[in-house]
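Worksheet for the structure shown next.
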Amino acid sequence: MSELLSMVQWQTLDTWIVVVGALCGMSCALLGTFLVLRRMSMMGDAISHAVLPGLAIAFLVAGSRGSLVMLVGAGVVGLLTAVFTQWIHRAGRVDEGASMGVVFTVLFAIGLILIVHVAEHGSDELGRAAGVDLDPRCVLQGALEMVHLYPVTLFGVSAPRAFWITAAVFIANVAIVALLYKELKISAFDPALATSLGISADWMHYLLMTLVAITTVVAFESVGSILVIAMLIVPAAAAHLLTDRLGSMLGLAMIIAVIAAVTGHWSAINVPSWVGFDGQSASTAGMIAVVSGLVFSLALLLAPRRGIVSQILNRLALSVRVAREDALGLLLRAEERGGTLTPTELRGAVRATGAGSGAVSWALHQLQRQQLVRHDSGRLQLTVAGKARATELLRSHRLWETYVEEHFHLPTDHVHGPAERLEHVTDPALRERLADTLANPTHDPHGRPIPPNDAT
Amino acid sequence: MPSSVADTGDRMSTGVTHASRFVDELLHVLTLQDYNTNVVVVGVSALGLACGLIGSFLLLRKRALLGDAISHAMLPGIAGAFMVMSALGGSGKSLVGLLIGAAISGAAGLACILLIRHFSRIKEDAALGIILSVFFGLGVVLLTLIQQMRTASAAGLESFIYGKTASMLASDAIAILIAAVVISIACLVLFKEFTVLSFDQAYAQSQGFPVHGLDIVMTALVIAVMVIGLQAVGLILMIAMLVIPPAAARFWTDRLHRMLFCAGAIGLLSGLFGALISTLTPRMPAGAVIVLVAGAIFFVSMVFGTARGVVRRVVEHVGLARKVALQHLLRAMYELREAQADCEVTPTVLQEGRFSADALQPRRAWNGGELQQAIRLARRAGYLTPDSRGGVRLTESGANAAIHVVRNHRLWEIFLITHADIAPSHVDRDADMVEHVLDPAMIAELEAVLAKTDPALATLASPHHLPSAGGAG
């Protein structure tokens, strides 16, 4: 990292930007996890737009951009957004997405008009302050790069004002989530169960919405209204792909938020010069969103169990295993008839079961490497181990044929297909239960012998 | 309607001293003499119409917020197109180029949403949020770079976000008009297909409709109208126009073709009045004013809508509650009489009985005024007459109604016992909930079903034990 840092002039300012960005990101990720789990991600979008009039009114009332007033204003309007959305959704029976859309666009429009009003009719000082804090561009992009402009000294430490606020909100969020962890968890996964346990799911909903509103406003100042959504949802969604446990999802989401903040700022300084914009920097907030998006796409592709790559690999591994087992079965049947197969014959026969040629080649290669099949003067022969494995498969296959014929009353020429599919997923225990159920038959419906169980 | 425009305008005007000038201005605007105003009014109204039509299908498919995500996802396309065109030596502001960029990145965003939804366990809402914010973030990054480019001026690109409605050009208005016409025609021609797709996609597929093709056409129409409208009215207004008019129209009708018409009309009116109001208050952002007009129409629709409006539903609810109260009273009277008379209950027997509130009170868990109110309702309906010795008597119509109500109740009870295997001690409450909403056809069917199992249903005695005359209910 130190090499990377030395590429540019990393100053105290950059550290503060990263720290504030990371604190914002972690606060958002903490709440976003619950939004994602409750399938209410777009509520983050709605609230982050809708707090605008809250800010403007707080500004008009207080006459300054005092943080506390702003937070209260935002909290109230955020809560109102949630209440109105619920109200229109329930009283008007409007689809939840649509009622969100109605509420946030109208509130945003009111906010926009109020801001223009403040900027034009306020006193000079007020107007200028409004212009700085609430100007439309700032609303969209935030002013993370300007955190250092407002230093505040607290506890004998001089730090940017944004740092103190984001730190306070982060601590508050952590405290509330820790205190109400069980309640939030239950109402996120099963609101009905929560209600039956005496936890008010509605109350949790509105608490969460208020927290989202307050956090949004704090993050708003730094990263802008749309990019707050990136901080709320993207790390949480990425974490959702990586784990099934709520605790680790919260932790992962926060880690991803920090990674996004650090990498985002670093790329905002460095990436422009790579693409021909020498000596310039891009919006850090924008870059944090982009980096979060990249982390999400990596998770989407590479997540251990749910990633697209591992899904594809699993599917490939399965088809190779099926091809391998089919090959063993075919060799044993050929042996039963007193013959052997050449590699070409076997390949053709396995492909006829529907396997791809790549899977077949890989399967034959594996069989020889595992010494289940021996290549002997142009013919393929089962080794002792191979024969044992193939016998098990054949036993499963013929037991299933018997079972299917007996219980599903399929004609004899229709039992091969189901048995062919089932033999690959039958373990020894199931196989012997099957034999017990069928009273240990010796021959399958086609009259061929069912190999006995070697283990007994 | 002109008076409401005047009212709103008045409130927003700067002062009384400007009143006469304001009136001139107002007349000037309302008579559509001003070329600029005409362009804006025509453009925004046509946009409202187009959005209302196509948005209706989005609403029915529960995809109202898809427009939100797509419109935000267009920003990097706009910024990227600007950079590419500047790099190639152009001005960077060729509208066609910018719009092509917007369409491409909007479509890419949509593709990513579908991809995420299909390949992972991330739900649609989170997928929308991710694409919306990440694409927008990329757009912001590109915009900050453009602002630092020496070769080109980026002024105006942000109008894609907030819109520059007031300075809409005639060419913009014409483009919007063409889009509105195309979308209206498409909605007419493909009405049946879009309807099936919106209500039951699986059915559409089974009927051989090219579902994916239709989906693409519908989404392409949405993207087209957003691309064209975005620059004229801005991002937030585009979302509002796609969501609010259809949601408002839904309150007025349950029929899709009427809803389309209604949504188009509401979109058009919002655009029209929003644009008119904002020309009178030039400093107010026009897009925001239009959203507010649409929001006001939505609120009025939600309250007064004739199909699903809150007022109508409250009225219906009160009506049902009254009907239920009345039927409870009549049944209580019947059962009281049945316990006293010790013979078959006929209208005459019922009419002979005199009922006092004290005798009726224990028959049911009536609280305070409920019994009195039910008696008042019944008297108003002509079911009861006051008796000279105090209390009330059933009139002939009241007696017949009571027999009818009790018959429904007991038919339903017997049905529950014989066909739903519910214990006789439990059927009274279940029947109580259903009896009020049984229509005559249903009763006839019940009778037919029950006649098969038990021909001796003529007298219709209660299938469970009834409290005696003095007993508590």
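Along the axis of the charge dipole computed for region A:314-370 (Cβ charges of +1 for Lys and Arg, -1 for Asp and Glu, origin at the Cα centre), the listed residues A:VAL360, A:ALA327, A:ALA349 are led at the positive end by A:VAL360.
Using a simple charge model, +1 on the beta-carbon of Lys and Arg, -1 on the beta-carbon of Asp and Glu, nothing else, what dipole does region B:232-318 show about its Cα centre, in debye to the nearest 20? Each step should come with its number before you reach the end.
Numbers: 7 positive and 2 negative charges, 22 e Å.
Dipole of region B:232-318, to the nearest 20 debye: 100 debye.
Counted residue by residue at 0.36 nm each, then reduced by the alpha carbon distance between them, the extension gain from A:ASP376 to A:LEU301 reaches 22.7 nm.
Look at the stretch A:78-91: the mean tally of other chain Cβ atoms within 10 Å of its residues' Cβ atoms is 1.
With a 10 Å Cβ neighbour count serving as the proxy for reagent exposure, in which order, fewest first, do B:TYR203, B:TYR383 appear? Can you show the working numbers first?
Values: B:TYR203 12, B:TYR383 24.
Neighbour counts put them in this order, fewest first: B:TYR203, B:TYR383.
Protection proxy ranking of A:319-331, B:262-274, by the mean of other Cβ atoms within 10 Å over each peptide's residues and highest first, is B:262-274, A:319-331.
What length, rounded to one decimal in nm, is gained on full extension from B:LEU95 through to B:MET442, with 0.36 nm per residue of separation minus their alpha-carbon distance? Could the numbers behind the result be given before it?
On the way: separation 347, 0.36 × 347 = 124.92 nm, distance 6.35 nm.
This chain segment gains 118.6 nm when fully extended.
Amide H to amide H, with H built 1.01 Å from N, A:LEU341 comes under 5 Å of A:LEU380, counting only residues 5 or more places away or on other chains. Here the 3J(HN,Hα) profile of region A:165-174, calculated from phi with Karplus coefficients 6.51, -1.76 and 1.60 at θ = phi - 60°, is 5, 5, 4, 4, 5, 4, 4, 4, 4, 4 Hz, Gly and Pro shown as x. Within 10 Å of the Cβ of each residue in B:242-250, the mean number of Cβ atoms contributed by other protein chains is 4. Using only side-chain charges placed at the Cβ, +1 for Lys and Arg and -1 for Asp and Glu, the dipole size of chain A relative to its Cα centre rounds to 760 debye.
Which net charge results for the neighbourhood of A:GLN370, defined as the other residues with beta-carbon distances under 10 angstrom from its beta-carbon, given Lys and Arg at +1 and Asp and Glu at -1? Write out the running numbers ahead of the final one.
Values: positive: A:ARG324, A:ARG369, A:ARG389; negative: none.
Net charge around A:GLN370: +3.
Determine the shape class of region B:34-242: with a ≥ b ≥ c the square roots of the Cα gyration tensor eigenvalues, call it rounded for a/c under 1.5, and otherwise prolate if a/b is greater than b/c, oblate otherwise. Oblate. Which GluC sites (Glu not before Pro) in region B:326-395 sit in a loop by DSSP (not H, G, I, E or B) and have at most 11 other Cβ atoms within 10 Å of their own Cβ? Answer in residue order: B:GLU344.
Structural descriptor for region B:34-242: relative contact order 36 percent, calculated from alpha carbon pairs under 8 angstrom and at least 6 residues apart. The mean sequence separation of alpha-carbon pairs under 8 Å and at least six residues apart, normalised by the residue count of region B:315-453, gives a relative contact order of 24 percent. Derived scalar couplings between HN and Hα for region A:403-413 equal 5, 4, 5, 5, 8, 9, 6, 8, x, 4, 7 Hz in order, rounded to whole Hz, by the Karplus curve 6.51 cos²θ - 1.76 cosθ + 1.60 (θ = phi - 60°), x for Gly and Pro. Full extension of the chain between A:ASN314 and A:TYR181 yields a length gain of 44.4 nm, computed as 0.36 nm times the residue separation minus the alpha carbon distance. Taken residue by residue and averaged, Cβ atoms of other chains lying within 10 Å of the Cβ of A:163-170 number 0.
In terms of the mean number of neighbouring beta-carbon atoms within 10 Å, the peptides B:217-223, A:367-373, A:306-312 order highest first as B:217-223, A:367-373, A:306-312. With +1 on the Cβ of every Lys and Arg and -1 on the Cβ of every Asp and Glu, and nothing else charged, how large is the dipole of region A:314-370 about its Cα centre, in debye rounded to the nearest 20? So the magnitude is around 200 debye. Per-peptide packing, taken as the mean over residues of other Cβ atoms within 10 Å, places A:281-291, B:413-423, B:251-261 in the sequence A:281-291, B:251-261, B:413-423 from highest down. Once backbone amide H atoms are built at 1.01 Å from N, A:ARG374 has A:GLN381, A:LEU382, A:THR383 as its partners under 5 Å, excluding neighbours fewer than 5 places away on the same chain.
Derived scalar couplings between HN and Hα for region A:248-262 equal 6, 5, 4, x, 4, 4, 5, 4, 4, 4, 5, 4, 5, 5, 5 Hz in order, rounded to whole Hz, by the Karplus curve 6.51 cos²θ - 1.76 cosθ + 1.60 (θ = phi - 60°), x for Gly and Pro. With a/c under 1.5 counting as rounded, go ahead and sort region A:219-323 into rounded, prolate or oblate using the C-alpha gyration tensor (a ≥ b ≥ c being the square roots of the eigenvalues; past the cut-off, prolate if a/b is larger than b/c, else oblate). Oblate shape, in that a/c is at least 1.5 and b/c is the bigger or equal ratio.
Read the figures in this text as sums done on the coordinates, not as results from a lab. These numbers come from a predicted model, not from an experiment. Here Cβ is always computed from backbone atoms with ideal geometry, including for glycine, and neighbour counts include all displayed protein chains.
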